[in-house]
1. Among the listed residues B:126, B:136, which satisfies the condition of being buried (at least 21 other Cβ atoms within 10 Å of the Cβ) and in contact with a Gly (Cβ under 7 Å, 6 or more places away or on another chain)?
2. I'm trying to understand the selection: among the residues of segment B:379-400, which are in a strand (DSSP E or B) and buried (at least 23 other Cβ atoms within 10 Å of the Cβ)?
3. For segment A:183-190, check the following and say yes or no: at least one residue is in the same structural domain as residue A:132 (by TED's automatic domain parsing), among the β-branched types (Val, Ile, Thr) and under 15 Å from residue A:121 (Cβ atoms).
4. Strands (runs of 3 or more DSSP E) wholly in segment B:260-378 with at least 1 residues that are more than 8 Å from chain A (Cβ to nearest Cβ) and either at pLDDT 95 or above or in contact with a strand residue (DSSP E or B) (Cβ under 6 Å, 6 or more places away or on another chain) (or both) - which ones?
5. Take the residues in segment B:172-209 that are more than 27 Å from the chain's Cα centre (by Cα) and surrounded by 21 or more Cβ atoms within 10 Å (Cβ to Cβ), then tell me which one is nearest to residue B:141 (Cα to Cα).
6. Filter segment A:283-293 for residues that are over 19 Å from residue A:337 (Cβ atoms) and in contact with a strand residue (DSSP E or B) (Cβ under 7 Å, 6 or more places away or on another chain); which is surrounded by the fewest Cβ atoms within 10 Å (Cβ to Cβ)?
7. Hey, residue A:64 hits all of (1) part of a helix (DSSP H, G or I); (2) within 14 Å of another protein chain (Cβ to nearest Cβ); (3) free of Cβ contacts under 8 Å to residues at least 24 places away in the same chain; (4) not hydrophobic (A, V, I, L, M, F, W, C) but one; which does it fall short on?
8. Hey, does segment A:347-355 have a residue that's more than 16 Å from residue A:368 (Cβ to Cβ), at pLDDT 95 or above and among the small types (Gly, Ala, Ser)?
Amino acid sequence: MKAIGIILAGGNNDKLGALTTRRALSAIPVGSCYRSIDFTLSNMSNSGIGKIAVITQYNSRSLHDHMSSAKWWDMGRKQGGLFVFSPYLSNDNSLWFRGTADSIFQNITFLKRSIEPYVLIASGDAVYKMDYNDVIEQHEQTQADITVMYKNVEDEDVCNYGVLELDETGRLLEFEEKPLETHLRHISMGIYVISRTLLINLLETIVGEGRYDIVKDIIIRYRKKLNIRGYLFSGYWRAVNGIPEYFGINMDFLKKEVRNLFTAAEPYIETKPKDEPPVKYNYTASVRDSLIGSGGIINGTVNHSVLFRKVYTGENSCINNSIIMEGTIVATNCYVEYAIVDKEAVLSDGRRITGTREQPIIVPKGAVV
Amino acid sequence: MRKKEMIAMLLAGGQGSRLGVLTFNTAKPAVPFGGKYRIIDFPMSNCINSGVDTVGVLTQYQPLLLNRHIGIGIPWDLDRRNGGVTILAPHVKGAQGEWYTGTANAIYQNLEYINEYNPEYVLILSGDHIYKMDYSRMLDFHKKKKCDVTIAVLEVPMEEASRFGIMNAREDDRIYEFEEKPAQPKSNLASMGIYIFAWDKLKEALIYDNKLHDNSDFGKHIIPLMLNNGMTMYAYRFKDYWKDVGTIESYWAANMELIRTLPDFNLYEDFWKIYTDADHQPPLYVGPDAEIKTSLVSEGCEVYGAVRNSVLGPEVSVGEGATVRDSIIMTGCSISPGCVLDRCIIDEGSELGRNVVIGCGDNTPNSDWPKIYDTGITVIGEHSVVPDNVRVGKNCVIYGRTAQEHYQNGSLDSGGSVVLVKEVTI
């Protein structure tokens, strides 16, 4: 493989409210059995990348737990493998990562000790499936210095993303981060290919100048000096950058074409296995149009919902249009609609929890309602 | 090798011929159970949960699936630098190869493997049973009683005792006699085929007995020999769930017990998990018109039809309007829309065409294998195909990629068989 991978999993995102107060965004559970980082991690492994660094910072416990072994992604190697980097203290340096570029700079030894010509940088919070060999191939053919992957969106609000303006050959003209108003429809996926030596040089230069951000201080600042090009990705891609998006991504898994993309067609998206038994449906169970994670025991009614592993639903309880995470207990006679119930919560008998499609209600992790 | 206190030797070479077509191409320990598991997962998980981290798995009959399933032991955390799982297949020694001719002979042929770890104790297991057992407690018992041999026993009803190997013991459970399937049983302590031996004593007995018998067997030879030599042998009473799933009916019934609201055998407790090879575990999808009741359904299934009182393995698809009742459907089977299945077992990777009906008609036992298929259960072997609109009766066997021409008037009456010899493709 010509590239090493770097997954930026350190970001904090307060838009997910209670779901990320004690959890890294990259460790948020998605699609009944995955965590968001599984997608990028599996994509890298499936593309043949044999050496991956995951850079964490906020609430890294959840990620460390998830990646306590690298073998599920075929990354338990002697040569290469999975590296997890967190900020650390030393005599001359006790800094948190000051930005995305700084987080790589503080681990620059990882780059210097590698021999692969390219680095693929991606964030750990998007749900998609791709073979990175395609973007690396284009990167080589166009002799780009940096290739930025982007997606075309027609009718979505782009104000949460970085938007690209490209010339007719695909070279980057302008890049605006979270624009207030724009006519541009190309959004950056936060995935970049860059030559390893160029990245080392750029990082040493910009950090020396007190600049720490990949987008602002490399992509935007160097857009005219370097040959930065776009790569169009046309498959399914959604980033977890807000409650409605998070809710929508999970509900997308109820659509056959989305589900099949990740679960039915090889290469698969892999995750840490939990060894739960099959789902048990008792006599009073009624489940329609839902995903159920393993280890669940179903006595109640479940409609158009995503249940993660080990969820118990009691008799006469009804769950509609909701996301129920691992280990939650929904006792008898409960009614849950448009809710996101975080892990290991307990809804006691007869509770009613109802949100709206626009604003699902969130029950925090471990809460007893 | 670092010395181990106790290592396990797991006998997994048997065919289990009473499971009929389910063990045509697979050793019995590799037969799926409870949806996502295989029978061998139970003793393997018991080992790691009991702290036994060195397991030799003795294979012989159709080991391909078993080898793939066990691999280097990752699902059970038995991928170790020191110890871990080792597959021990029969091999050539000197001028010629030798099959494992008996249970004790198989251990005898692997003396060197055990010697490498120089253990104090050797735990002998078979890969045929469904149970959860803490072998470390059995070892404590073994040490406390200063035994040479400890045999795990189950108290069975007296009237069934003549079907088992029976241990006759004194009041303190010290064994003085062993009888294999006695006509007039004196006790109801049935051997579970789980032994702990002091390794030095076992080694001596194996070497001695293999000069006398070329099919040396634990029940027939080793245990009587060691009793005659005055060894201290105790019965260790086991009181929990233990099932031998040796026949089609008992296999079906043991699966069905799992779907009760409160089954005797609990897979849902966290402290004694059963592990299996299931790296790729996509979620299970239940369609808008599906109806699932009193069933176990595994990961990756896509259910659009009705499922009642059934056990579904991973990645089974049940089409719209299909009905599955009282059946066991194994990994990767595809049940097309409109099928109606009653009391059948469908082995891995089989495909049923549209509107196939299974389990209709009377209860005539199978004409070719009346002793195996006689309880109304129809069995379809692995990777078989049943074409559209075929009606199949009870006690039938189907194996291979069958086509319309194999079914007269599009049906197979109760007790009939369609068994196609598998073509070997290169």
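The values are calculated or read from the model by the stated rules, or taken from the named source; none is laboratory data. From a predicted model like this one, the values you see are computed outputs, not experimental measurements. Neighbour counts run over all protein chains shown; Cβ positions are idealised from the backbone, glycine included.
1. Details: B:136 fails: buried (at least 21 other Cβ atoms within 10 Å of the Cβ).
Exactly one residue qualifies, and that residue is B:126.
2. Going through segment B:379-400, the residues in a strand (DSSP E or B) turn out to be B:379-380, B:385-386, B:391-392, B:397-399.
Selection gives B:379, B:380, B:386, B:392, B:397, B:398, B:399.
3. no
4. Working: elements: B:284-286, B:291-293, B:295-297, B:306-308, B:323-325, B:340-342, B:344-346.
In segment B:260-378, B:306-308, B:323-325, B:340-342, B:344-346 are the strands (runs of 3 or more DSSP E) which contain 1 or more residues that are more than 8 Å from chain A (Cβ to nearest Cβ) and either at pLDDT 95 or above or in contact with a strand residue (DSSP E or B) (Cβ under 6 Å, 6 or more places away or on another chain) (or both).
5. The extreme case among them is B:175.
6. A:283
7. Single failed check for residue A:64: (2).
8. no
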